[in-house]
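The block underneath contains the structure these notes are about, expressed in structure tokens.
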Amino acid sequence: MGEEERKSDSVKTDPGTGYKDGALVGEDTRECRNDANSMKIDSSGEKENDCNHISTLEKVSQNESNAGVSVLSKSALKRKMKKDLWELRKKEKRIQEREKRKKRKLDPTHRINTVTRKQLKNATMANSNCKVTIAIDLSFDNYMDERSLAKCVKQISRCYSINRRATNPVQFHVTSLDGASLKEMSKNSGYENWDVNLHQKHFTEIFSKEKIVYLTSESDNVIENLKDDHVYIIGGLVDHNSHKGLCHKLAEEKCLSHGRHPISENIDMKTRKVLTIDHVFNIMANICNGQSWKEALLEILPARKGALEKTVDDENTITDDV
């Protein structure tokens, strides 16, 4: 026996190795084959899941072919599935909304509470019996970030909607509409056609100072009646109380009259009596259309404010209002 044969006989095989089909197979090779087998099983499982997705997608979107869906990855299939299911739910929601509209039409109170297109067309500032002027001052662009400015403009759009649906709209003005506020307002398509008096100038350049009343929660002057020949200014500022007293300070610096709503004289509130732009506007619009201060406040203020009708024992309590 030669040396080479002796060496080959002296080679010790590892316990985890063996021969298969004339080749030496070790544990590493077996692990690789096991991984390959598991990959085949996983891939077959994925194919079954993909088939399930495809069958569901066929129900959702009949326009797509099996070949078109099968080439998508698993994550892409999930995204497509989610989108198509959303479209399906969208159609269902539209059907539900139609049913709700049908029920509302059958409701006898529906015509009373609904404003028709004809009424909206006739309810303009020019045709209104109300001559009270309310203006929103947008000269606070530098005090608001982009998000706060967007909220401010959104509240102004609500004011417009409120005024449009009033029986007698107030004379609505928006002043200092320039710069960042104008850019944000421009996102509302067709705002130029609103039944609103839009001005780039400051309100002091438009109205007589003797007729101006700036609304501010820090004022000691309580507004009991809204006068036709006065102009009530609402500060167009959304600052989450980071500039407290700013409107009152500016009013005094410009020697303007100022006042507040009689909130504490009519209701009890658990929270601060600083209101949003649209709430202030809505309350005043309701006052101009025949409601009392108490009725308007209780109707307009949100539930989170905890507004309750004032009792006789609390009539002497006075706090800061808007």
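The values are calculated or read from the model by the stated rules, or taken from the named source; none is laboratory data. Source: prediction; values computed, not measured. Virtual Cβ from ideal backbone geometry, glycine too; neighbours counted across all protein chains shown.
Go through the residues of the range 104-126 one by one and say whether even a single one is modelled with pLDDT of 90 or more and either in contact with a strand residue (DSSP E or B) (Cβ under 8 Å, 6 or more places away or on another chain) or exposed (fewer than 12 other Cβ atoms within 10 Å of the Cβ) (or both). Taking every residue of the range 104-126 in turn, at least one turns out to be modelled with pLDDT of 90 or more and either in contact with a strand residue (DSSP E or B) (Cβ under 8 Å, 6 or more places away or on another chain) or exposed (fewer than 12 other Cβ atoms within 10 Å of the Cβ) (or both).
In the range 137-166, how many residues are under 23 Å from Gly290 (Cβ atoms) and surrounded by 15 or more Cβ atoms within 10 Å (Cβ to Cβ)?
7
Against the definition (loosely packed, with under 14 Cβ neighbours inside 10 Å and charged (D, E, K, R)), how does Asp268 come out, yes or no?
Values: loosely packed, with under 14 Cβ neighbours inside 10 Å: no; charged (D, E, K, R): yes.
It is false that Asp268 is loosely packed, with under 14 Cβ neighbours inside 10 Å and charged (D, E, K, R).
Among the conditions (1) surrounded by 15 or more Cβ atoms within 10 Å (Cβ to Cβ); (2) under 23 Å from Thr133 (Cα atoms), Lys249 misses just one, which is (1). Here Glu224 meets the list (1) among the charged types (D, E, K, R); (2) over 32 Å from the mean Cα position of the chain (by Cα); (3) modelled with pLDDT under 90 almost entirely, failing just condition (3). Kindly indicate which of Val238, Val196 is under 18 Å from Phe172 (Cβ atoms), surrounded by 12 or more Cβ atoms within 10 Å (Cβ to Cβ) and not acidic (Asp, Glu). Only one candidate qualifies: Val196. Among the residues in the range 298-312, are any modelled with pLDDT under 75, over 26 Å from the mean Cα position of the chain (by Cα) and assigned to a helix (DSSP H, G or I)? Checking the range 298-312: at least one residue is modelled with pLDDT under 75, over 26 Å from the mean Cα position of the chain (by Cα) and assigned to a helix (DSSP H, G or I).
Please work out which residue is surrounded by the fewest Cβ atoms within 10 Å (Cβ to Cβ), limiting yourself to the range 215-230 and to residues that are touching an Asp or Glu at 6+ places or on another chain (Cβ under 8 Å) and of a type outside the set (Gly, Ala, Ser). Show your work before the answer.
Start the filter on the range 215-230 by keeping residues that are touching an Asp or Glu at 6+ places or on another chain (Cβ under 8 Å), which leaves 217-218, 222.
Subsequent filtering for residues that are of a type outside the set (Gly, Ala, Ser) retains 218, 222.
Details: Glu218: 18, Val222: 15.
Taking the candidates together, the pick is Val222.
Against the numbered list (1) touching a residue at least 12 places away in the same chain (Cβ under 8 Å); (2) within 25 Å of Ala296 (Cβ to Cβ), Leu250 comes up short only at (2).
Scanning the range 229-271 for residues that are farther than 24 Å from Lys294 by Cα, small (Gly, Ala, Ser) and touching a helix residue (DSSP H, G or I) at 6+ places or on another chain (Cβ under 6 Å) returns a single hit, Gly236.
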